[in-house]
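Presented below is the structure to which this report refers.
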């Protein structure tokens with residue numbers, strides 16, 4: 001009776017080969033991403049596709065997927081196994097670790113804006129043209 005080959009039997013042969021295992025690089029990830037994004041596009045997975053349009057970075061051989069907020073983190077956790085499988089398929093690597101990294105939003109770093117003065121100060125920092133308009137039209141903001 002002939003036995004079917006299994007993955008376990010293939011692994012020792014690859015390890016016994018003295019060639020170094022290829023490592024994931026940013027250029028290899030950039031080459032694979034159009035194929036991965038096309039899979040998500042064809043599956044009409046818009047939320048996952050939006051996460052993939054953000055810059056993915058390779059740091060120490062690991063893919064870092066930056067998310068902001070709990071909703072994006074939940075979406076990223078749900079898509080992580082599929083993303084890893086697609087990256088393995090299109091890069092030809094055995095393992096492609098994906099880490100989900102929380103990024104703080106700018107507004108959360110500066111705290112909540114409660115008063116009108118805080119809101120104006122924030123907008124003036126973000127859009128300097130407001131100060132020019134304020135001076136040009138002699139606008140006096142009194143709160």
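Throughout, read-outs are computed from the coordinates displayed, never taken from laboratory work. Here the structure is a predicted model, which means the values were calculated and not measured. Here the Cβ positions follow ideal geometry from the backbone for every residue, glycine too, while neighbour counts run over all protein chains shown.
Remarks
- Gyration tensor (alpha-carbon) shape descriptor, the stretch 22-103, a/c threshold 1.5: oblate
- Overall form of the stretch 34-75 per C-alpha gyration tensor (a/c, 1.5; a/b vs b/c): oblate
- Once the Cα-Cα distance is subtracted from the 0.36 nm per residue extended length, the residue 30 to residue 45 segment shows a gain of 3.4 nm.
- Ordering 59, 100 by the number of other Cβ atoms within 10 Å of each residue's own Cβ, fewest first, gives 59, 100.
- When each of 25, 53 is scored by the number of other beta-carbon atoms lying within 10 Å, the sequence from fewest to most is 53, 25.
- Ordering 119, 45, 112 by the number of other Cβ atoms within 10 Å of each residue's own Cβ, fewest first, gives 112, 119, 45.
- Added length on full extension, which subtracts the Cα-Cα distance from 0.36 nm per residue, residue 88 to residue 124: 8.3 nm
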